[in-house]
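Here is the structure we will look at.
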Amino acid sequence: MDKDILILGLESSCDETAAAVIKNGRTVLSNVISSQIDIHKEYGGVVPEIASRKHIERINTVIEEALKEAGVGLKDLDAIGVTYGPGLVGALLVGVAEAKAICFAADIPLVGVHHIEGHVSANYIENPDLEPPFLCLIVSGGHTHLVVVKDYGEFEILGRTRDDAAGEAFDKVARAIGLGYPGGPKIDKLSKEGNSDAIVFPKTKIEDAPYDFSFSGLKSAVLNYINKAKMMNEEFNAADLAASFQKNVVDTLTEKAIHAAKELHMDKVAIAGGVASNSTLRNSMEEACRKEGIHFYHPSPIFCTDNGAMIGVAAYYEFIKGTRHGWDLNAVPNLQLGERQ
């Protein structure tokens with residue numbers, strides 16, 4: 001490659017306003033994230049209108065910081081990549097409008113990026129040897145997918161959640177226990193103090209779709225356990241409850257991923273998404289892959305949660321394939337993996 005390709009990646013799909021500069025698809029020159037977690041804690045979850053307003057307030061500053069940290073200007077960029085779906089429509093619109101405005105003013109190409117493709121692409125940042133094809137388990141607050149990454153930006157979906165995503169179940173159970181928002185990290189932390197075998201919760205099996213997921217039954221079982229204890233005026237051990245719930249989710253995710261890898265003879269497995277930063281899941285997947293002789297890949301926690309770097313990486317591979325978007329690019333809140341605008 002004669003010239004380095006520099007991409008500015010923008011992410012605003014939920015409650016993180018993020019920008020990053022990526023060189024040649026693998027090197028992070030800057031990665032700036034402005035989180036709104038402290039704001040939304042008060043409400044027990046993300047309030048879409050507040051999230052959108054905060055993105056508007058912060059996005060210019062975040063972009064300026066990312067460019068400054070990378071030591072580049074707009075004239076040095078080859079393209080801007082921006083998340084256009086899925087996510088909260090108002091939040092997405094802020095990023096898309098910002099990206100279009102800068103691209104128009106600076107006369108540089110615009111590349112729309114699928115948010116989930118970004119999460120998968122986070123694995124490329126710290127794993128220079130990782131190239132498609134490989135199997136990827138995508139686990140976040142809104143998504144649980146098991147996919148074959150056939151090529152950069154090309155996916156075959158093996159399974160997906162039928163109801164609650166794993167991260168959504170974490171948040172709801174954390175709220176029921178009284179841990180607050182965000183639930184995933186809080187349950188992960190509390191679980192370390194509990195006995196994961198203390199309570200046996202049911203696992204959902206979907207006969208006609210062995211790679212699909214369902215966590216609503218587990219969530220209901222946990223809530224019923226808590227309600228029964230309260231009705232009987234009995235105390236329950238929150239740490240044991242958290243650990244037992246988390247073990248159920250982690251075992252389900254790990255078992256399906258390893259089963260798929262063996263069935264399809266895949267020797268590379270990666271995880272992605274916010275829940276991929278869960279320490280129990282990472283340890284479970286690493287141990288299972290080691291036993292089966294499978295290479296295991298995962299991003300650092302900072303690249304698991306929403307960030308601009310993962311969007312910049314995904315945009316790079318779209319850019320070199322020739323993907324370009326026009327001024328009619330719009331936010332698509334329910335964009336499915338594999339769909340294009």
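Just a few scattered comments:
- Per-residue HN-Hα couplings for segment 189-204 [Karplus 6.51, -1.76, 1.60; θ = phi - 60°; Hz; x = Gly/Pro]: 5, 5, 4, 5, 9, x, 9, 6, 9, 5, 10, 9, 9, x, 10, 8
- When DSSP beta bridges are restricted to pairs lying wholly in segment 132-299, around 60% turn out antiparallel.
- Potential lengthening between Tyr43 and Asn224 on full extension [0.36 nm per residue; Cα-Cα distance subtracted]: 62.8 nm
- Positive contributions from Lys and Arg (+1) and negative ones from Asp and Glu (-1), summed over other residues with Cβ under 15 Å from the Cβ of Gly44, come out at -1.
- Bridging of Lys3 to lysines at a Cα separation below 30 Å is possible for Lys23, Lys68, Lys75, Lys100, Lys150, Lys321, once same-chain residues fewer than 8 apart are set aside.
- What you get for segment 132-299, charging only the Cβ of Lys and Arg (+1) and of Asp and Glu (-1), is a dipole of about 320 debye around the Cα centre.
- Charge sum, other residues only, whose C-beta stays under 13 Å from Leu135's C-beta, Lys/Arg counted +1 and Asp/Glu -1: 0
- Karplus-derived HN-Hα couplings along segment 102-119 (A = 6.51, B = -1.76, C = 1.60, θ = phi - 60°), whole Hz, x at Gly and Pro: 5, 4, 5, 5, 9, 6, 10, x, 10, 10, x, 10, 6, 4, 5, 4, x, 4
- Length-normalised contact order for segment 132-299 - Cα pairs under 8 Å, 6+ apart - percent: 27 percent
- Rounded tilt (10° steps) of 308-320 against the dominant C-alpha axis of the chain: 50 degrees
- Model label zone, Gln336; criterion: amide N under 16 Å from point 7 Å along Cα-to-beta-carbon; scope segment 137-166: 143-148, 155-163
- Amide H contacts of Asp164 (H built 1.01 Å from N, in plane; Pro and chain starts excluded): Phe215, Ser216 sit under 5 Å, all sequence-distant by 5 or more or on other chains.
- Phi to ³J(HN,Hα) by Karplus 6.51 cos²θ - 1.76 cosθ + 1.60 over segment 18-26, Hz, x for Gly, Pro: 9, 9, 8, 10, 10, 10, 6, x, 10
- Whether segment 281-322 is rounded, prolate or oblate, judged on the alpha carbon gyration tensor where a/c under 1.5 counts as rounded: oblate
- Computed lengthening from Asp328 to Asp4, 0.36 nm per intervening residue step minus Cα-Cα distance: 113.8 nm
- Degrees, to the nearest 10: 48-70 long Cα axis against longest axis of the chain: 50 degrees
- Sum of -39500 (n - 2.57) over DSSP H runs of 4+, divided by residues of the chain (222 nm, nearest 500): -14000 deg cm²/dmol
- The chain, relative contact order in percent, only Cα pairs under 8 angstrom and at least six apart counted: 26 percent
- The long axis of helix 166-177 is offset from the longest Cα principal axis of the chain by roughly 50 degrees.
- Restricting segment 84-146 to GluC sites (Glu not before Pro) that sit in a DSSP loop and have at most 11 other Cβ atoms within 10 Å of their own Cβ leaves nothing.
- For segment 140-207, trypsin sites (Lys or Arg not before Pro) are listed when DSSP marks them as loop and at most 15 other Cβ atoms sit within 10 Å of their Cβ; the list is Arg162, Lys192, Lys203, Lys205.
- Residues Ile80, Ile39 in ascending order of nearby Cβ atoms (within 10 Å, fewest first): Ile39, Ile80.
- Net charge over other residues, Cβ less than 15 angstrom from the Cβ of Asn334 (K, R count +1; D, E count -1): +1
Coordinate-derived values only; no laboratory data. Remember, predicted model here, so these are calculated numbers, not experimental data. Cβ sites come from the backbone with ideal geometry, for glycine too, and all protein chains shown count toward neighbours.
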